[in-house]
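Notes follow once the structure below has been shown.
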Amino acid sequence: MREPEQWPAVGLTGADGRHMLRPMRILTGLQPSGKLHVGNYFGAMEPAVRLQDEGEGFYFIADYHAMTSMQDPPALRGNVRELAIDFLACGLDPARSVFFRQSAVPEVNELAWILSTVCPMGLLEKCHSYKDKVAKGIAASHGLFAYPVLMAADILLYDSNKVPVGKDQKQHLEVTRDIAAKVNEAFGEGTVLLPEPIIREDTAVVVGLDGQKMSKSYANTLPIFGEEKPLKKLLMRIVTDSTPVEAPKPTAGSTILALYKLFASPADYVAMVADHERGGVGYGDFKKRLAEAYWEFFAPMRVRRAEITADPGYVDQVLAAGAARARHEADKVLARVRLAVGLR
Ligand code: ADP
Ligand code: TRP
């Protein structure tokens, strides 16, 4: 673990031409859209937690964004809380990172408005995320259409240097950079800071219980938190072929092995591969081993989660402190932008 003093510094030139040094700022948001699954953990949560070593994390729960695809107030409230607990249980360290709820800094909407006045329609019209969501039956609201503008505001409001996201968000990051360039063109260099995306191209896609990509939309997910019995039972549902116990089993394309690799030690993984190749061990046994490795892998996080849940004030306190720190940064940037555009 790297302490904040060891974070790499970046040099920035403010709109006033002054040069300053500060730790690299890494920002990302996660939508509160339901129970966290193993794909979300390895694809988004774990990389974000790891990046806390590289700079000052600004991590937020994108509740405004979630409203573009859900209109269920108690569910939204509940999901935000659950995601906050999950994030903290998985290793987000509020002493090092700024952790907050997007809507706790409503100033982001003002910046979004300013950005929307320079954002060409064509830039939003070509976003495939919008088209995909509408094709899936999500109402084509203005909010859904303007989603990338709010996302750009999230990023620019905190002078973010690096933005780690999954491949699906790559285009949104391009839109952010295009909008930022337009702002600087219209109102002067240095009005906003151009962020660098970190696209997780190489994160392997985590497979679901049916062998497809694990996703809420395919109902094939394995939650990372829950009761032991139902979770282990869920693992027994993994789809396998009908190779008899005595025969060698295929290793290529094996869902059990793909998941086991995520949770087991390298030696245990190699042993399971060997047992597949040799034959004599049935799928039921492999699934049991997988269930045990999975259960053990998340054990420390489960313990942490129970502690956090037992202290309801803790989460509120963390989010309030994070919001105050985020707002402090947002105020500075917004003051600069308001002045540049002529609102002050
Ligand atoms: P879902 O597909 O279940 O709706 P989301 O789209 O909400 O998941 O994903 C949230 C984050 O988790 C994104 O950064 C995405 O890249 C990551 N993620 C989701 N599913 C997987 C997976 N199967 N493998 C790797 N990363 C994933
Ligand atoms: N759109 C992102 C997602 O669905 C979440 C998000 C909102 C985000 N604002 C952001 C990610 C800013 C990175 C930076 O995954």
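If r is the Cβ-Cβ distance from residue 296 to residue 178 and R0 is 51 Å, what FRET efficiency results, to the nearest 0.05? Write down the numbers at each step before the final one.
Values: r = 46 Å, r/R0 = 0.90.
Approximately 0.65, to the nearest 0.05.
Indicate the gyration tensor shape class of region 226-297 (rounded, prolate or oblate), computed on the Cα atoms with a ≥ b ≥ c the square roots of the eigenvalues: a/c under 1.5 is rounded; otherwise a/b larger than b/c is prolate and the rest oblate.
Numbers: a/c = 2.09, a/b = 1.38, b/c = 1.52.
Oblate, because a/c is 1.5 or more while a/b does not exceed b/c.
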Of all trypsin sites (Lys or Arg not before Pro) in region 18-63, the ones in DSSP coil with at most 13 other Cβ atoms within 10 Å are 18
At q = 0.11, 0.18, 0.19 1/Å the base-10 log of I(q)/I(0) from the Debye formula over the alpha-carbon atoms of region 190-324 is -0.56, -1.07, -1.14
If every Lys and Arg gets +1 and every Asp and Glu gets -1 at its Cβ, then about the Cα centre the chain yields a dipole, in debye to the nearest 20, of 460 debye
In degrees rounded to 10, the 0-90 angle between helix 299-309 Cα long axis and the longest Cα principal axis of the chain is 50 degrees
Dipole check, region 226-297, charges on Cβ (K,R +1; D,E -1), about Cα centroid: among 251, 239, 267 the Cα furthest to the positive pole belongs to 239
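On a 20 Å Cα-Cα criterion, which of the cross-link pairs 229/288; 131/170; 136/182; 170/332 come out too long? Intermediate values should be presented prior to the final figure.
Details: 229/288 12 Å; 131/170 15 Å; 136/182 32 Å; 170/332 27 Å.
Over 20 Å Cα-Cα: 136/182; 170/332.
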Counting only DSSP beta bridges fully inside the chain, the antiparallel percentage to nearest 5 is 30 percent
Taking the dipole of the chain about the Cα centre (Lys, Arg +1; Asp, Glu -1; charges at Cβ), the one of 163, 85, 215 that reaches farthest to the positive side is 215
Per DSSP, the loop-located GluC sites (Glu not before Pro) within region 192-296 having at most 11 other beta carbons within 10 Å are 201, 227, 246
Largest-first semi-axes in Å of the equivalent ellipsoid built from the Cα gyration tensor of region 53-142 are 27, 19, 13
Working note, the chain: Cα radius of gyration (Å, one decimal) and Dmax (Å, whole number) are 22.3, 78
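Can you pull out the chymotrypsin sites (Phe, Trp or Tyr not before Pro) in region 187-254 whose DSSP state is coil and whose Cβ has at most 16 other Cβ atoms within 10 Å?
Details: sites: 187, 218, 225; in loops: 225.
Counting only loop positions with at most 16 other Cβ atoms within 10 Å, none of the chymotrypsin sites (Phe, Trp or Tyr not before Pro) in region 187-254 qualifies.
Taken together, the values in this text are just the output of simple stated rules run on the coordinates, not laboratory data. This is a predicted model, so every value here is computed, not measured. For neighbour counting, all protein chains shown are included, and Cβ atoms are generated from backbone atoms with ideal geometry for every residue, glycine included.
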